[in-house]
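> This is the structure, below, for whatever I ask next.
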Amino acid sequence: MTEEEIYERLNEVFQDVFDDDTIEVDDLTTADDIDDWDSLEHINLIAAVEEEFGIKFKMGEVSTMKDVGEMVDIIMSRI
Amino acid sequence: MFELEYPFDSAYIMKKRKSIKKTLLSDGSVRLKKNIAVLGGSTTNDIVTVMELFLLNMGIEPTFYQSEYAQYWQDAMFPGEELQNFNPDIVFIHTTNRNITEFPNVTDKPEEVDELLEKEFARYKQMWNAVSERFKCPIIQNNFEMPFYRLMGNKDCSDYRGRENFISRLNMKFYEYSSQTGNFYINDINYISASYGLKEWSNPLYWNMYKYALCFAAIPEFAFNTANIVKSVFGKNKKALALDLDNTLWGGVVGDDGVEHIQIGQETGVAQSYYEFQNYIKAHKDLGIMLTVCSKNDEENAIAGLNHPEGVLKPDDFIIVKANWENKDRNIANTAAELNILPEAIVFVDDNPAEREIVKAQLQGVKAPTMDGVENYIQTLDRSGFFEVTTFSEDDLKRNEMYKANVQRAAQQATFENYEDYLLSLDMNAVIDDFIPMYIQRITQLSNKSNQFNVTTKRYTTAEMEEVFASDEYIRLYGKLTDKFGDNGVVSVVIGKKDGTTLNMELWLMSCRVLKRDMELAMLDTLVEKCREQGIETIKGCYYPTAKNGMVKELYKFFGFEKISEDEEGNTVWQLNVADYTKRNNVIKVHGNGDA
């Protein structure tokens, strides 16, 4: 899977989870950029990303990811 | 909604819940509104949002109160203003083994562990008592799931110092309490977690990171299981099964293969699977679930198949057998009409996806679970929770017999020319009188599940009904009807509240199984009699329309009441001058408590 494909699929996950078709994520997107992305939705997002790519994040990673770029790096390293 | 029927795709629900909720809320269906207080010992946010979806799909629109994180005990014992004003219709206490205050130590003596057990249990009992006293509403309480590690290995389950042993004992104490207390329901997470897989369920990551006591992916299973109890308490259970025959109750096609070649009994593994399934279905009769057949077959072949000597189910077990070549949706609609229930109270069981689709498309609300492979039949039906048992009355045990008698009555009706002659021939006897304790449970159950012959659709919890029973501000009547074919049990309930010389009717309901028997007139006669005894001069009644109670729109008119108002929504108010009333029932002999 190329990085581009990952972003494409990730974008769909974001749109589903936040129920907003206008969301476009890039490597610098953070929780501040998406209205509903709070700590409660974070767990939902993580679960949906894990499901989409068939991977598991480690405990430490879940809380330290700074932006979508870091999330994609982790996904790349697992698939 | 298909996405929310068992077996559902949990990950899909978790991801799409926002759009699922929008779809459900815009489908135009009318739902019961209920307030649910969730007192959690761990995070409950996602549990609540998913439970909401399942409840909406079951016909209940919930409003939730959630404790601040892990404040379940404080909220139960010393509720804040928000909870006090919330007025819950049900309280759900979401505790897990993460909330057990103290487990035994390996160095403890038996007496010390006994004491620990009592102490832990007392904490819960105190909380339940406080909640039921304050809110007088049903309580749902989780039992405890097994611990995720076993310090003593296998001995952990049998040794008094083991956590597993301690949890099992605590669970037993919960069950004892539950069996002695009405309106208290155990949410069996011990079973659900085992069924899901305890290893995944109790993955400690979710506790340590998010303070969830179960893994994220298991939330839909958990929420569904809990929602089933809620919907059952509020009278949304299904009432009947419509069963296909070929490849559903036995293997093979009886019309093509011949009775001697269908698979049922002990001969092969497949035959045994169908045998086990027939056993499972037959056991539903005792729960009061009505069994009917809906099969594309010549009736002769269908009956021959059901008379297979190795089979469990016999023709006699079914109230109605529809074996013909009509479309199945028509047959199910007819079955519903003959049983006097709504089509949506029927679960259609058929191995053929095309038949399921057509029935679901034609009859809104009829459930048709995916029956795929006989080895999965029991699990699919069982876990769907259509018939979740919360209250269980004597009447449930007898329901199949009663409905069968109804079908016999209908057959006899055809031979009378005059309807009153027919009614007289039924030799009907009724007990109509003030409530007695023995029937409170049945009366409450009726108030929660009668939708059609029900002018106000007011629901009562057992506690509320007991309050009505204890108060002298009310005139209450229950009606129990017997005829020559059998005992119909308690079938009608009427409650009115006194206000000077006026009686304001709060509830007038009747079970549809006794429609057109003049039972409602017998009830009215007795009500008027009681009013006269107690100096009531006027009876006032309201009709509140719902999607289902159209049949009683004109009930008060039929009773001889005068309409005094009507608003835009079709709510009508009626009144009757007691002095003008003359007795209406001529066909039922009426008795009071004690002289029946």
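The values are calculated or read from the model by the stated rules, or taken from the named source; none is laboratory data. Since we're looking at a predicted model, the values are computed, not measured. No Cβ is skipped: glycine too gets one built from the backbone with ideal geometry, and neighbour counts run over all protein chains shown.
> For B:Ser193, indicate whether it is of a type in the set (Gly, Ala, Ser), away from chain A (no Cβ under 14 Å), buried (at least 23 other Cβ atoms within 10 Å of the Cβ) and on the phi < 0 side of the Ramachandran plot.
Details: of a type in the set (Gly, Ala, Ser): yes; away from chain A (no Cβ under 14 Å): yes; buried (at least 23 other Cβ atoms within 10 Å of the Cβ): yes; on the phi < 0 side of the Ramachandran plot: yes.
Criteria met by B:Ser193.
> Sticking with this structure for a sec: Taking the stated definitions as given, is B:Glu61 charged (D, E, K, R), surrounded by fewer than 20 Cβ atoms within 10 Å (Cβ to Cβ), under 21 Å from the mean Cα position of the chain (by Cα) and at pLDDT 95 or above? So that I can check it myself, show each step before the final result.
Values: charged (D, E, K, R): yes; surrounded by fewer than 20 Cβ atoms within 10 Å (Cβ to Cβ): yes; under 21 Å from the mean Cα position of the chain (by Cα): yes; at pLDDT 95 or above: yes.
It is true that B:Glu61 is charged (D, E, K, R), surrounded by fewer than 20 Cβ atoms within 10 Å (Cβ to Cβ), under 21 Å from the mean Cα position of the chain (by Cα) and at pLDDT 95 or above.
> Determine whether B:Ser19 is closer than 30 Å to B:Asn99 by Cα, within 14 Å of another protein chain (Cβ to nearest Cβ) and out of contact with any His (no Cβ under 6 Å at 6 or more places or on another chain). Steps first, please.
Numbers: closer than 30 Å to B:Asn99 by Cα: no; within 14 Å of another protein chain (Cβ to nearest Cβ): yes; out of contact with any His (no Cβ under 6 Å at 6 or more places or on another chain): yes.
Here the answer is no, as B:Ser19 does not meet what is asked.
> In addition: Quick one: would you say B:Ser273 is away from chain A (no Cβ under 14 Å), of a type in the set (S, T, N, Q), touching a helix residue (DSSP H, G or I) at 6+ places or on another chain (Cβ under 8 Å) and buried (at least 22 other Cβ atoms within 10 Å of the Cβ)? Show your work before the answer.
On the way: away from chain A (no Cβ under 14 Å): yes; of a type in the set (S, T, N, Q): yes; touching a helix residue (DSSP H, G or I) at 6+ places or on another chain (Cβ under 8 Å): yes; buried (at least 22 other Cβ atoms within 10 Å of the Cβ): no.
No; evaluated as a whole, the condition is false for this residue.
> Which of the residues belonging to segment B:1-25 are within 17 Å of A:Glu12 (Cβ to Cβ) and assigned to a helix (DSSP H, G or I)?
Taking segment B:1-25 first, the residues within 17 Å of A:Glu12 (Cβ to Cβ) are B:9, B:11-20.
Across segment B:1-25, the qualifying residues are B:Ala11, B:Tyr12, B:Ile13, B:Met14, B:Lys15, B:Lys16, B:Arg17, B:Lys18, B:Ser19, B:Ile20.
> So, one more: For B:Asp257, work out the one condition from (1) surrounded by fewer than 23 Cβ atoms within 10 Å (Cβ to Cβ); (2) within 32 Å of the chain's Cα centre (by Cα); (3) away from chain A (no Cβ under 14 Å) it doesn't fulfil.
(2)
> Report yes if some residue within segment B:100-116 is part of a helix (DSSP H, G or I), out of contact with any strand residue (DSSP E or B) (no Cβ under 8 Å at 6 or more places or on another chain) and among the basic types (Lys, Arg); otherwise report no.
no
> How do the helices (runs of 4 or more DSSP H) wholly within segment A:1-74 filter down when requiring 2 or more residues that are hydroxyl-bearing (Ser, Thr, Tyr): which remain?
Because the criterion is at least 2 residues that are hydroxyl-bearing (Ser, Thr, Tyr), the helices (runs of 4 or more DSSP H) in segment A:1-74 that meet it are A:59-64.
> Any idea how many residues of segment B:196-220 are away from chain A (no Cβ under 14 Å) and touching a residue at least 60 places away in the same chain (Cβ under 8 Å)?
0
> Kindly indicate whether A:Glu12 is farther than 22 Å from B:Ala217 by Cβ, modelled with pLDDT of 90 or more and among the acidic types (Asp, Glu). Please lay out each step first, then the result.
Details: farther than 22 Å from B:Ala217 by Cβ: no; modelled with pLDDT of 90 or more: yes; among the acidic types (Asp, Glu): yes.
Judged against the criteria, A:Glu12 is not a match.
> Sticking with this structure for a sec: Taking B:Ser42 and the conditions (1) part of a helix (DSSP H, G or I); (2) within 14 Å of chain A (Cβ to nearest Cβ); (3) not β-branched (Val, Ile, Thr), which numbered condition does it fall short on, given that it satisfies the others?
B:Ser42 satisfies every listed condition except (1).
> Here's something else I'd like to know. Using the structure shown, decide if B:Ala410 is of a type in the set (A, V, I, L, M), outside the structural domain of B:Leu503 (by TED's automatic domain parsing) and not in a strand (DSSP E or B). Write out each step before concluding.
On the way: of a type in the set (A, V, I, L, M): yes; outside the structural domain of B:Leu503 (by TED's automatic domain parsing): yes; not in a strand (DSSP E or B): yes.
Judged against the criteria, B:Ala410 is a match.
> Criterion first (facing chain B (nearest Cβ under 9 Å), surrounded by fewer than 19 Cβ atoms within 10 Å (Cβ to Cβ) and within 11 Å of the chain's Cα centre (by Cα)) does A:Glu70 satisfy it? I'd like the intermediate steps shown before the answer.
Details: facing chain B (nearest Cβ under 9 Å): no; surrounded by fewer than 19 Cβ atoms within 10 Å (Cβ to Cβ): yes; within 11 Å of the chain's Cα centre (by Cα): yes.
Against the criterion (facing chain B (nearest Cβ under 9 Å), surrounded by fewer than 19 Cβ atoms within 10 Å (Cβ to Cβ) and within 11 Å of the chain's Cα centre (by Cα)), A:Glu70 does not qualify.
> Aromatic (Phe, Trp, Tyr) and closer than 24 Å to B:Pro220 by Cβ - does that describe any residue in segment B:381-388?
yes
> Here's something else I'd like to know. Return the only residue of B:Ala122, B:Ala76 being touching a helix residue (DSSP H, G or I) at 6+ places or on another chain (Cβ under 7 Å), part of a helix (DSSP H, G or I) and among the hydrophobic types (A, V, I, L, M, F, W, C). Don't jump to the end; show me each part of the working.
Numbers: B:Ala122 fails: touching a helix residue (DSSP H, G or I) at 6+ places or on another chain (Cβ under 7 Å).
The match here is B:Ala76.
> Moving on. Suppose we filter segment B:418-449 for residues that are small (Gly, Ala, Ser) and not in a helix (DSSP H, G or I); how many remain?
Filtering segment B:418-449 for residues small (Gly, Ala, Ser) gives B:425, B:430, B:447.
Applying the additional criterion that residues be not in a helix (DSSP H, G or I) yields B:430.
Result for segment B:418-449: 1.
> Is there any pair linking a residue in segment A:10-36 that is of a type in the set (S, T, N, Q) to one that is in a loop (DSSP other than H, G, I, E, B) and surrounded by 14 or more Cβ atoms within 10 Å (Cβ to Cβ), with Cβ under 8 Å and at least six apart or on different chains, and which?
A:Asn11/A:Ile23; A:Asn11/A:Val25; A:Gln15/A:Ile23; A:Thr29/A:Asp67; A:Thr30/A:Asp67
> Turning to a different aspect of this structure: State yes or no: is B:Lys33 away from chain A (no Cβ under 14 Å) and among the basic types (Lys, Arg)?
Numbers: away from chain A (no Cβ under 14 Å): yes; among the basic types (Lys, Arg): yes.
It is true that B:Lys33 is away from chain A (no Cβ under 14 Å) and among the basic types (Lys, Arg).
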